[in-house]
Amino acid sequence: MPTSEAVRQMFGAIAPRYDLLNHLLSAGVDRRWRRRAVALSRAAKGDPVLDVCCGTGDLSFEFARMGARVIGSDFVPQMLVRADAKGARGGSGAERPRFVLADTLSLPFERATFQVVSVGFGIRNVENLDAGLAEMARVLAPGGRAVILEFTTPPNPAFRKLFGLYFHRVLPRVGNALAGVKTDAYTYLPNSVDAFPDAPQLAARMESAGFVHVKYEYLTFGIAAVHVGEVP
C-alpha cells in the first residue's frame, strides 16, 4: 500500500481527467452505483451528511440533489478544485455541498455531528482502514449510518475470472494512457482492490469499529458493493 503522500500526489496528478475516466472505464455504471448508495443511506431532506474521500464530489452531489446538507472532505487539493468548479456550474441542482480539505484519519468535526457519513471508492486508499472506520463512527450521531461504496471481489468464480482480465489487463493500459500525465494510477487501482478486504471481510471490520446492523449489497455482479452500518 502506498503512503498517504504517494496517494495524494497520484490522485492530484489525475484530477483533471478523473471524472471522464471514471465514467468511461465503468461504461457509466458508476453513476447508478452512487444513486444506489444514496438510496441505501436512508438520508432525508435536511440531514447533515459528510462525504469523506469525496474526490471531485460526485457522491456529494448525489446527496445534495435529494436535499441533504452536505460537506465533502478530501486530502487532495486538486480534487477539491474540480469539485468546487462543478458546484459553481450548478452541479447539484440543489444546495451546493461545501468542500473542505481534510484527512479521513483526522476529521475536523466534533463527535456526533452527522446523520450520514459516506465514502465512494475512497476507503481503500486510506492508509489505516480501521482508524478511518473509527473516525467515521466518531463523527456520526447515535443512530447515524455509514455508507461505503467500493470495488470488491466478485463472488462468482467464473465472472471473477472474466472481469479480472479487463480489470488487470485492459483497464490499466487504457486508464494510464488516457490520464494525460505519466502515471501508474490505473495500475494501482486493481492492485489496491486485490489487497482490500472483500465484502464479508469489510463488514466484519466495520463491526470491529463499532458499527451495528452492518449489511452489504453487491452491485453489477459483484464488481462493487455498498456497505451500510449504524452507530448504536
In whole Hz, the Karplus estimates of ³J(HN,Hα) for the stretch 194-199 (6.51, -1.76, 1.60; θ = phi - 60°; x where Gly or Pro) are 4, 7, 8, x, 6, 4
Lys and Arg at +1, Asp and Glu at -1: add these up for the other residues within a Cβ distance under 14 Å of TYR216 and post the number.
-1
Would you pull out the residues with amide H under 5 Å of VAL139's amide H, same chain only if 5 or more places away, H placed 1.01 Å from N?
ALA112
Of the labelled options (1) 22; (2) 12; (3) 27, which one gives percent of Cα pairs over 32 Å apart as computed for this structure?
(2)
Within the set of other residues whose C-beta is less than 12 Å from the C-beta of VAL100, count the net charge using Lys and Arg as +1 and Asp and Glu as -1.
-3
Sort PHE196, PHE159, PHE11, PHE114 so the one with the fewest other Cβ atoms within 10 Å of its own Cβ comes first.
PHE159, PHE196, PHE11, PHE114
Can you tell me which of LEU59, LEU24, LEU101 moves the most in a GNM of the chain? Springs connect C-alpha atoms under 10 Å apart.
LEU24
If the reach is capped at under 18 angstrom between alpha carbons, list the aspartates and glutamates near LYS215, excluding any in the same chain fewer than eight residues apart.
ASP130, GLU150, ASP198, GLU207, GLU230
Relative to the present Cα-Cα distance, how much length would full extension add between ALA6 and HIS23 at 0.36 nm per residue of separation?
3.7 nm
Once you put a point 7 Å from the Cα of ARG169 and another 7 Å from the Cα of ARG31, both along the Cβ direction, what distance in nm separates them?
3.1
Calculate one ³J(HN,Hα) per residue across the stretch 32-49 by plugging θ = phi - 60° into the Karplus curve 6.51 cos²θ - 1.76 cosθ + 1.60, and present them in order as whole Hz with x for glycine and proline.
5, 4, 5, 4, 5, 4, 5, 4, 6, 5, 6, 5, 10, 4, x, 5, x, 10
Multiply the residue gap between ALA195 and ASP130 by 0.36 nm, knock off their C-alpha separation, and tell me the result in nm, one decimal place.
21.9 nm
Within the stretch 71-85, name every residue whose backbone N is under 19 Å away from a label modeled 7 Å from Cα of SER106 along the Cβ vector.
73-78
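Read-outs: derived from the displayed coordinates by stated rules, not from any lab. Small disclaimer: the values here were computed from a predicted structure and weren't measured. A quick note on method: Cβ atoms are made from the backbone with ideal geometry, for glycine too, and the neighbour counts reach across all protein chains shown.
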